[in-house]
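Read-outs throughout are calculated quantities, based only on the coordinates presented, and are distinct from any laboratory measurement. On a predicted model such as this, the values are computed, not experimentally measured, just so you know. Here the Cβ is made from the backbone with ideal geometry for all residues, glycine too, and neighbour counts use every protein chain on show.
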Amino acid sequence: MRVQVLRFGRRAAVLTATVAALAPAGASAFQKAVWGPPTVHGINQFPLYRSLGAKIYEVELNWNTVAVRRPARPTQPKDPAYVWPRALSREIATAQRFGMRVLLEVANAPAWANGGHAGPGWAPRRPLDYALFIKAAARRYPSVHMWMIWGEPNRKDDFRPEVPAKYTQRSLTPAQQRAPHLYAQILDAAYGVLKGMDRNNVVIGGNTYTAGLLDPQQWMANLVLPNGRRPRMDMYGHNPFSYTIPLFKSTPSAYGEVQFSDLPRLEAWTKTYFGQAKPLFLSEFCVPTAPDRTFNFYIAPPSVAARWVKDALVTARHAGYIAALGWVNVRDHLPFNSCGLIQQNGRPKPDFFAFKNN
């Protein structure tokens, strides 16, 4: 199978330079990333992640568990209302010791900020509250310089309350616009805070899912601030989970979906809606290899799944505008997911070697 890579001429060259500029000194433009536990059965997993060639370690910071109570001094990480994860500082230090940058995805507003709703996924009512928490988090973890503003906010239950739209609907109602408009304010406020603290901070916004209550183009088109301007960000995040082969093609996916094959179209939209093309940060990607509760498809036999992994990495590496591809599950966890590079019995899949060697 031959990897097909679309050529974008001068624009691709400019974006490649932008991706390289956002990477640390000495790092390649494209980098692999992983989500995964710091230990398994008491064994440090960072040597494994390093052996896979991952340069970015992704981990979630849940606002609703850190700040169950409203802090009196919300930008001060030592405010007694804050209960920071005990293990996170150690995870960050260990990842960096193994040569990996750390990305923190900050999501899930506490009840005092989201209008009294219990459970994760509710959006804060005031963008400022989120920005103040981001500032406290950046002070708590000063060595972290990659910040993801929420995760998959266009997906059902991840940025409530959202009002769904039909995938054929290009003009949204005011009720449907509410969630992306609020998210735009949260993103822009967080960008201002993080860049004000350190210009080296990289802010990843959008963070859409393959499909959702609003499809990725609907979400992106409606990221608008009250003054009519667009929110600021360094990279546009997207999780292109795909049931079609991860090669670039010209035929759009159905139902408004943006799978891996649609990434050239997604990158072009960033220029349309934000005035200049943004590098893409693919925070989560994987290839399910058996029936599970997360996906309604899987790829078999193992040799074909491994080919998909290779195709995705080679295509992303050569695109010129993709900053990173993150593998979301290093190990299988059936019956919930079969997306791991390693089976539950500890044996590596063919996917493991495809990810490691490409």
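Summary of values
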| quantity | calculated |
| --- | --- |
| Selection from Pro77, Asn62, Asn44 lying farthest towards where the dipole of region 34-101 points positive, charges on Cβ | Pro77 |
| Proximal lysines to Lys349, defined as alpha-carbon separation beneath 20 angstrom and excluding residues fewer than eight positions away on the same chain | Lys32, Lys310 |
| Choice from Ala254, Ala323, Ala305 with maximal GNM fluctuation in the chain (Cα, 10 Å cutoff) | Ala254 |
| Between region 272-319 and region 321-358, the Cα center-to-center distance that results, in Å | 11 |
| Order of Tyr273, Tyr236, Tyr191 under a 10 Å beta carbon neighbour criterion, fewest first | Tyr273, Tyr191, Tyr236 |
| Total formal charge among the other residues, if their Cβ is under 9 angstrom from that of Asp188, Lys/Arg +1 and Asp/Glu -1 | +3 |
| Residue list for region 64-88, given a label point 7 angstrom along the Cα-to-Cβ vector of Ala111 and an amide N cut-off under 12 Å | 68-70 |
| Cut-off 20 Å, label 7 Å out along Cα→Cβ of Met197, residues of region 144-170 by amide N | 144-151 |
| Label point at Phe353 placed 7 Å out along Cα→Cβ; residues across region 289-313 whose backbone nitrogen lies under 12 Å | 303, 306-307 |
| Shape of the chain, Cα gyration tensor, a/c cut at 1.5 | rounded |
| Percent RCO, i.e. relative contact order, over region 209-339, from Cα pairs under 8 Å lying at least 6 residues apart | 24 |
| Over 25 Å (Cα to Cα) - which of Lys55/Lys195; Lys135/Lys271; Lys156/Lys249; Lys78/Lys156 fall in this group | Lys135/Lys271; Lys156/Lys249; Lys78/Lys156 |
| Which of Pro291, Val304, Trp269, positive extreme of dipole for region 268-314 (C-beta unit charges) | Trp269 |
| Value at 222 nm in deg cm²/dmol, rounded to 500, when DSSP H runs of n ≥ 4 in the chain each add -39,500 (n - 2.57) | -10000 deg cm²/dmol |
| Other-chain or far-sequence residues with amide H under 5 Å of Gly326's (modelled H) | Ala33, Leu282, Ser283, Glu284, Phe285 |
| Residue order, fewest to most surrounding Cβ atoms within 10 angstrom, among Leu88, Leu263 | Leu88, Leu263 |
| Taking Phe98, Phe285, Phe159 and counting other C-beta atoms within 10 Å, the order from fewest to most | Phe98, Phe285, Phe159 |
| Kyte-Doolittle at least -0.5, axis length at least 27 Å by Cα - qualifying DSSP helices, the chain | 174-197 |
| Stretch gain in nm, segment Arg178-Arg265, where the contour uses 0.36 nm per residue and the Cα spacing is subtracted | 28.8 nm |
| The chain - percent relative contact order, Cα under 8 Å, separation 6 or more | 17 |
| Region 190-266 - charge dipole about Cα centre, Lys and Arg +1 at Cβ, Asp and Glu -1, debye rounded to 20 | 300 |
| Cα gyration tensor category, rounded, prolate or oblate, for region 40-116 with a/c compared to 1.5 | prolate |
